[in-house]
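Read the structure below first, then the notes.
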Amino acid sequence: MHDFNWFVKYRIARASVFALAVSIVGLTGCGQNGSAFEGSGRALVNNLQRAPQPVDPWTADRLLEAAKLAEIVSDPGNSKPLILYFGPAVLYKGAHVPGAKLIGPLSEPDGPKNLQKEVKNLGKDTEIVLYCGCCPWNVCPNVRPAFQVLEEMGFKKVKVLYLPTNLRQNWVNKGFPVQKEQ
């Protein structure tokens, strides 16, 4: 009887952890393939996607299409911009734009400090490309604050990689180059 009670408690704990994970994925809009789990998580993501659109702090000329950045990073003759990634480390390790540096989510408390530390010794004319790609563009909690931090620091050549759905769909699945961490 004792072994059976342990098994039941184990199954309940496992189900609770799964339910928590579904809730987190649903609330953040981030999933393994850019979409949350089916069911209630999907409904939460849909509601987030219908939420009022955030105001973009950049002008259209500051957006960079994925194909253009892929061309830049693929050509060894091109000078490369500083590419900064603001999503979760686990996604960065799975696949990221070649040469991108992991800053981590700007929505976390140390996020802005990490970004400021990374760029503090750079010239204000340094070409910088920002991206996240963990979730749909319209609900991303990282790219807009990153852009604003750099603007406030006086950087003049900041562009944002436009990934409307996520990195997987708008970069990886299109066959653009990726780098993976071991």
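The values are calculated or read from the model by the stated rules, or taken from the named source; none is laboratory data. Bear in mind the structure is a predicted one, so any value in this text is a computation, not a measurement. With ideal geometry, Cβ positions are generated from the backbone for all residues, glycine too; neighbour counts draw on all protein chains shown.
Identify the residue in region 126-182 that is acidic (Asp, Glu) and surrounded by fewer than 15 Cβ atoms within 10 Å (Cβ to Cβ) and, among all such residues, is modelled with the lowest pLDDT.
So the first thing to find is which residues in region 126-182 are acidic (Asp, Glu), and the list is 127, 151-152, 181.
From what's left, surrounded by fewer than 15 Cβ atoms within 10 Å (Cβ to Cβ): 151-152, 181.
Working: GLU151: 95, GLU152: 95, GLU181: 86.
In this case the residue turns out to be GLU181.
With the condition kept exactly as written, say whether any residue in region 95-106 is part of a helix (DSSP H, G or I) and either under 12 Å from the mean Cα position of the chain (by Cα) or over 24 Å from ASP75 (Cβ atoms) (or both).
No, that holds for no residue.
Quick one: what pairs do we get from region 121-136, first residue free of Cβ contacts under 8 Å to residues at least 40 places away in the same chain, second of a type in the set (Gly, Ala, Ser), C-beta under 8 Å, 6+ apart or different chains?
Going by the 8 Å Cβ cut-off, the qualifying pairs are LYS124/GLY154.
Please work out which residue is nearest to the chain's Cα centre (by Cα), limiting yourself to region 37-83 and to residues that are modelled with pLDDT of 80 or more and more than 28 Å from VAL149 (Cβ to Cβ).
SER74
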